[in-house]
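For reference, the structure is listed below as structure tokens.
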Ligand code: SAM
């Protein structure tokens, strides 16, 4: 369970009401039940439930099971698609170790209303399920042109480009901080492609000869990255 409070042996922490409801009503845990906690900073802890009610649960961390480990230094900037597929992108990118998720607004982005609180909740659930010890940061949506203007100079941005002469990711990948950018279902506009291709921080890459759906492209990029970087 992700508890964004300091975790120390013997120091009780409170679950939020939704978590308390899940522990008491769904898992039907009572006082004394064991569970495992993490907060993204202090590693993973064996804990016990000390008090539990319908909307309130107090948990006591007892011993640290694992020290904190950092996630791979890879970001994903993605054009949000329909709600279910966007949730899928966030869930699978969390499993594949992404540390930052950046929804981008593009000329053809279909979903202008992006709920970052909901996407963060999806990332928390995915982190709990896959037993990673931190949760990726989901930032507020940003326009693609602004993202490119403010892009950090020490991070390569791999543009997933479905057409043209882009090199395959497996041979283009370089060591160091990385990020991927994937487009919406309608693809990037020509103006956006020109803007990105002009930047020395952007490297176009191919994920093969077939046109992948936006969510498939994001997953394929991260899986290939994991394979070549070993992260
Ligand atoms: N522009 C395409 C069209 O209109 O037919 C469709 C875009 S595709 C569904 C969505 C995004 O997935 C693209 O913008 C690109 O970032 C990524 N993508 C899809 N296939 C890819 C491939 N083979 N290699 C790299 N990126 C790909």
Quiz item: Somewhere in the range 146-154, is a residue without any contact (Cβ under 8 Å) to a residue 60 or more places away in the chain and within 15 Å of the ligand (Cβ to nearest atom)?
Solution: yes
Practice problem: Report yes if residue 59 is farther than 30 Å from residue 177 by Cβ, crowded, with 18+ Cβ neighbours inside 10 Å and at pLDDT 95 or above, otherwise no. | Solution: yes
Exercise. Answer yes if at least one residue in the range 65-74 is buried (at least 20 other Cβ atoms within 10 Å of the Cβ) and closer than 22 Å to residue 140 by Cα, and no otherwise.
Key: yes
Quiz item: Here are some residues: 52, 104, 89. Which one is crowded, with 19+ Cβ neighbours inside 10 Å, under 19 Å from residue 5 (Cβ atoms) and touching a strand residue (DSSP E or B) at 6+ places or on another chain (Cβ under 8 Å)?
Solution: 52
Quiz prompt | Conditions (1) within 16 Å of the ligand (Cβ to nearest atom); (2) modelled with pLDDT under 95: number failed by residue 115 | solution = (1)
Exercise. Restricting attention to the range 59-87, report how many residues are within 25 Å of residue 227 (Cβ to Cβ), part of a loop (DSSP other than H, G, I, E, B) and touching a helix residue (DSSP H, G or I) at 6+ places or on another chain (Cβ under 8 Å).
Key: 3
Quiz prompt | Residues (exposed (fewer than 12 other Cβ atoms within 10 Å of the Cβ) and touching a strand residue (DSSP E or B) at 6+ places or on another chain (Cβ under 8 Å)) located in the range 9-47 | solution = 10, 11, 30, 31, 32, 34
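The values are calculated or read from the model by the stated rules, or taken from the named source; none is laboratory data. No experiment lies behind these values; they were computed from the predicted model shown. When we count neighbours, we look across all protein chains shown, and the Cβ atoms used for this are built from the backbone with ideal geometry, even at glycine.
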